[in-house]
Amino acid sequence: MRYPRLAALGLQFYPWKEYQDFRHHTPAQRHAYIIGRLESARRREWMWIVVVAGIGFFTDAYGIFSVNMVLPMMNIVYWNHSNWTEANAVRHDYEVALSIVTLGGVLLGQIAFGVAADVWGRSKMYGMELVILIFATLGLALSSSGAENSMSAIALFLFWRGLLGIGLGGDYPLSAVICSEFAPTRLRGRLLATVFFCQSLGQLAAQLVALIAVAGFQHRLPTDPDTTTCTGNCIRSLDTIWRLLVGLGAVPAFIALWFRLTIIESPRYTAEVTKDSLQAVNDVSQFYQRVSIDSASVNSVEPPSPQSGSFRLSPTQSADQQPDQPASADRFAEQDATSPLAIWKDFKLFLRQKDNFRKLAATSLCWFCLDLPFYGLGLISPRITRTIWFGSKLPRTSLYQLLFQTAYQSIVVVSSGAIVGSLLSILTIDKLGRRNIQLNGFFWLFLLNVVIGASFQHLVKQDDPSALVVLYILCQIFFNFGPNTTTYMLPAELFPTRFRCTCHGIAAAFGKLGSVLAQCFLAYVDFGNGEDYTNVPDWLGYALLCLSLFMLMGLLITYFFIPDVRDKEGRIKSLEELTQGMISDAEFSQAVTNGYSGRGPSPEMAQIDGDSIRLRPFPFAIQVMAFKLYHYDPSAVAAITFAAIFGLTTVVHIWQMAKARAWFMTAFIIGGFFEAIGYVCRYINARQTPDWTTKPYIGQSLLLLLAPALFAASVYMILGRIIRLLNAGSLSLVRPNWLTKVFVTGDVISFLMQCGGGGLLAGAKTQDSVNMGEHMIVGGLFVQILFFGFFMIVSVIFHRRMLATPMHHMMSVKIPWNHYMKILYTVSVLIMIRSVYRVAEYVQGSDGYLQSEEVFIYVFDAALMFACCITLNVSHPSKLLSHMQGGNKVDSDLEMLNPERA
């Protein structure tokens, strides 16, 4: 006998007296009742979703961002009270460790609770993560270094923050998925956006509590800027404030705990995963106000395949019109249909289906691109907000003034924009759509980061840096009126019930991985010329320029890979519509029962049937895919022309390299040969029209794909030569002895990924192999764009620094280095445009528009790469060798083989 459930916003207990009412109905009728009742929920019935999920998310944000207010107080109390100044307000190593441990715990919690919620159910996990959160919060608030420092305070803080992070991470997939599965389709977007709005409220609450607490203890804190010690009442006051600030985070969690422990299991999970529709329909009938099953109509529930056991009801069709099924065997068949514990085998098969892996990768990478700047700058915001608020000339402040200003400046600069952005998302999420809001957010964040980064050195030196404040507030608006909200929502909508929490947890974990990398990057990167984390005005502009690249990546990934959750008429799709065509639970069970592991041929193979996969028995057979090599008749004249001119320019490059002994151009010459031979292969195919053979096609596809990666390797080395020529290693964003190694390593990774993907395509026999090959190629191209984009940023920053602070040696160098920097920009832009074109081409697929017209490959690939070759023929970088330091030629080294010369 199960205990009665508590209505989330009321205190009425509903008896389980109607359990037998649905025994005579078929599973299809029960499922129709469940969906219909969820879709027709009244306000007082769905409002609890926002309250229960929102309180938890409020607590999450409070716990994560309160560290900005707590760390300076902890530092003074435990490590630095005898000689306190603003410059050493927080020990850097402790600050970084606490941030990384917290975010690492969040990452683990997101994956662990995401998988657990799909295996054991949402309701079992929903209260557990909140218990961990409460326990860790209280443990942190009560931590102490012990008598005579008998305990390590930092070790205790790290332990409790890590455990707190696990609890915080578990709330991400659970809150999003429970809200998504209970919400009516018409309100799903607004409810998810409202739950996420609680993150902004939690961040604001942490700042307000800190502001009030510091103001309340003003009489016990030093107010004289000349006072650099904190003893006696000062120590006790700060110790009280930070414990109060941390401990209050458990209060909203306690409020939500009872509701989470008594919540019913998600009816969709119970009916679709555990196959107990009788229990699911009973839960719904008791938790919601009673409605007769005969009146439950369902809109937009998609049709079943005969194997899947799902169904469709039209808007006018009621549940009792479904075909009769034997009620006696019904329930037992459901219970034995599948076991949710076999998640790994099922998940591997799920990822092998068309588009599933692409959706998961796209949502994960978008979250990664967002969190890298959001948490990278957000968890060190006190130093950043003070720099933005006051400019480069920070005023002398007392301890009280510093703590008070940190709180209210964060409210104005960070929370005000975040709240406005979240409200805009709630109001427009269904009108504009998730995808459009995410595109809009990434676009404006890219522009704002570039504008702020490029103008930061100028704006920060102004007497009134209010322009910086406005620009930073705009960034916060477009974080939340953009990808910060939508990356949380989309994984909870795009994946089937069977793996919804797992996929959301993986996507969220990728975001936290980005935030950890950002913390490490900003904490330890050497910006050159003595610029490190302590000098915020000197490095923040460059950091924003680097981070803008990830905004651009997020924009491209969203545009090409993220689907819309609306149909062509702008109507929001139901969860059933969004997951239509994905492998059903029955098919998963059949595959696992027959021992199919997703690898190699087996008696049960995944056979392609339109846009879906059906498991049909055929003995050790592989379906050979019909694939059209060209959607047009390739031009023999164009192919042989480009083969000739690439061969000619490459021969000239060989002569120039041999004459100057510029062996670092070897990779570029190999790339030129790849281009020439590739177009020879294309010419052979053109002469075979329409009976094309695969060998020339494979040759031209691989060689033309890989050649620009070799061009890029030499371009990286050219910048290293310029830096060495000018003896200006201190002005480089990346240390000179690492510059070539870092970028060429990235180029090698890109080369190998594209080569591997091309090899898979060359030998593809099934659509799965084709999809995997295309994914590897696109991934390799993204790696190339990422490294090449960062290289361009490094080049621009170095160029600007050289122009701003010309060095004596630079003035004595006769070679026009500035001209070669412009040549470097020209070649880099051409390669970048070509790489973006190739990404778009492979994303659209073999039947896409870009592969349907021959003109595109010559305009966006052949012509651009030929322009690169000619540009470096005219301004060959071998001229750099005769002007190296001391007049000595460096004529025999490849930089990767001689790191000391890099």
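The values are calculated or read from the model by the stated rules, or taken from the named source; none is laboratory data. Computed from a predicted structure; not experimentally measured. Note: ideal-geometry Cβ built from the backbone for every residue, glycine included; neighbour counts use all protein chains shown.
Figures for the structure shown
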quantity: Of the criteria (1) more than 29 Å from residue 110 (Cα to Cα); (2) of a type in the set (Val, Ile, Thr); (3) crowded, with 23+ Cβ neighbours inside 10 Å, which one residue 363 fails; calculated: (1)
quantity: Cβ-Cβ under 7 Å pairs, at least 6 apart or on other chains, the range 751-779 side closer than 19 Å to residue 834 by Cβ, far side β-branched (Val, Ile, Thr) and at pLDDT 75 or above; calculated: 753/783; 754/777; 757/777; 758/777; 778/839
quantity: Checklist (1) under 17 Å from residue 56 (Cβ atoms); (2) at pLDDT below 90; (3) buried (at least 16 other Cβ atoms within 10 Å of the Cβ); (4) of a type in the set (Val, Ile, Thr) applied to residue 255, failing item; calculated: (3)
quantity: The range 217-237, residues that are assigned to a loop (DSSP other than H, G, I, E, B) and either out of contact with any helix residue (DSSP H, G or I) (no Cβ under 6 Å at 6 or more places or on another chain) or surrounded by fewer than 16 Cβ atoms within 10 Å (Cβ to Cβ) (or both); calculated: 223, 224, 225, 226, 227, 228, 229, 231, 232
quantity: Filter result for residue 814 (surrounded by fewer than 19 Cβ atoms within 10 Å (Cβ to Cβ), assigned by TED's automatic domain parsing to the domain that holds residue 731 and at pLDDT 80 or above); calculated: no
quantity: 3 or more residues touching a residue at least 24 places away in the same chain (Cβ under 8 Å) and out of contact with any Gly (no Cβ under 8 Å at 6 or more places or on another chain): qualifying helices (runs of 4 or more DSSP H) within the range 392-489; calculated: 399-410, 416-432, 434-459
quantity: Yes/no for residue 859 being part of a helix (DSSP H, G or I), surrounded by fewer than 18 Cβ atoms within 10 Å (Cβ to Cβ) and at pLDDT 80 or above; calculated: yes
quantity: Some residue of the range 203-216 being without any contact (Cβ under 8 Å) to a residue 24 or more places away in the chain and either farther than 30 Å from residue 564 by Cβ or not in a helix (DSSP H, G or I) (or both); calculated: yes
quantity: Residue match in the range 880-898 (condition: modelled with pLDDT of 70 or more and farther than 28 Å from residue 559 by Cβ); calculated: no
quantity: Residue ID - surrounded by the most Cβ atoms within 10 Å (Cβ to Cβ), chosen from residues in the range 272-282 that are under 15 Å from residue 29 (Cα atoms) and in contact (Cβ under 8 Å) with a residue 60 or more places away in the chain; calculated: 281
quantity: Residue in the range 641-651 that is of a type in the set (S, T, N, Q), farther than 21 Å from residue 709 by Cβ and in the same structural domain as residue 855 (by TED's automatic domain parsing) present; calculated: yes
quantity: Subset tally (residues that are closer than 22 Å to residue 100 by Cα, of a type in the set (Gly, Ala, Ser) and in a helix (DSSP H, G or I)) for the range 115-165; calculated: 7
quantity: Some residue of the range 184-206 being closer than 23 Å to residue 105 by Cα and touching a Leu at 6+ places or on another chain (Cβ under 6 Å); calculated: no
quantity: Residue identified as within 17 Å of the chain's Cα centre (by Cα) and at pLDDT below 85 among 501, 546; calculated: 546
quantity: Which numbered condition residue 186 fails, given (1) within 30 Å of residue 121 (Cβ to Cβ); (2) touching a helix residue (DSSP H, G or I) at 6+ places or on another chain (Cβ under 7 Å); calculated: (2)
quantity: Residues of the range 94-132 classified as of a type outside the set (A, V, I, L, M) and farther than 15 Å from residue 165 by Cα, total; calculated: 10
quantity: Residue within the range 180-194 that is over 30 Å from residue 433 (Cα atoms) and touching a residue at least 40 places away in the same chain (Cβ under 8 Å) present; calculated: no
quantity: Residue satisfying all of: in the range 655-695; charged (D, E, K, R) and assigned to a helix (DSSP H, G or I); nearest to residue 743 (Cα to Cα) among these; calculated: 675
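Matching residues to (1) farther than 29 Å from residue 281 by Cβ; (2) among the hydroxyl-bearing types (Ser, Thr, Tyr); (3) surrounded by 24 or more Cβ atoms within 10 Å (Cβ to Cβ):
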{"position": "170", "(1), (2), (3)": "no, no, yes"}
{"position": "175", "(1), (2), (3)": "no, yes, yes"}
{"position": "178", "(1), (2), (3)": "no, no, yes"}
{"position": "184", "(1), (2), (3)": "no, no, no"}
{"position": "189", "(1), (2), (3)": "no, no, yes"}
{"position": "196", "(1), (2), (3)": "yes, no, yes"}
{"position": "200", "(1), (2), (3)": "yes, yes, yes"}
{"position": "211", "(1), (2), (3)": "yes, no, no"}
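Residues are listed down the side, and each one gets a yes or a no for (1) modelled with pLDDT of 85 or more; (2) under 20 Å from residue 196 (Cβ atoms):
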{"site": "63", "(1), (2)": "yes, yes"}
{"site": "69", "(1), (2)": "no, no"}
{"site": "75", "(1), (2)": "no, no"}
{"site": "91", "(1), (2)": "no, no"}
{"site": "104", "(1), (2)": "yes, no"}
{"site": "110", "(1), (2)": "yes, yes"}
{"site": "122", "(1), (2)": "yes, yes"}
{"site": "131", "(1), (2)": "yes, no"}
